[in-house]
Amino acid sequence: MKSILLLTIPAALVFAVATNSFGADGKAVYTANCVKCHGADGKGQTKMGKRLEIRDFTKAETWNSFDDDEAFKAVKDGITRNGEKVMGYKMPDDDIKASIAYMKSLQTTNAPAADSTAAK
Ligand code: HEC
């Protein structure tokens, strides 16, 4: 019993710290810069989000379509969507990483989508 407790508590602590391990407040950066397009919930159902046809970032399959480097580059350097330049933030790298980490935490499906019907 005691050993189970000892294993569980550190894991919970690591998880709590991991969401804010960049020294920057990801939620604050996200709220100030990203909500107008991606939405407070990450679903992208804002006026801007709908116009730009932003995918639902609460879905694991969205996150699985790019890696951390690509996400960082897209936010820092910007991307072109429907002929319009979006993102491209001149903010400290740590703020970018923290806001992406916060956005990632908005996922409601944490496990990669296991689509058994598509498997051959
Ligand atoms: C002007 C609207 C707009 C704002 C503001 C915005 N984004 Fe985006 N973002 C987009 C669009 C459009 C895409 C492409 C959507 C898609 O792939 O469905 C995108 C894609 C992304 C991606 C995926 C990148 C990839 O490689 O596909 C990440 C991560 C992201 N945004 C994070 C952020 C963060 C963090 C912020 C705030 C610092 C932010 N965005 C602010 C419009 C915006």
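What follows is calculated from the coordinates using simple rules that are stated; it is not laboratory data. Keep in mind the model is a prediction, meaning the values are calculated, not measured.
Computed values, structure above
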read-out	value
Amide H within-cut-off set for Arg81, under 5 Å, with H built and near neighbours excluded	Val86
Residue-wise HN-Hα coupling along the stretch 23-29, computed from phi with Karplus coefficients 6.51, -1.76, 1.60 (Hz; x: Gly, Pro)	x, 10, 8, x, 5, 5, 5
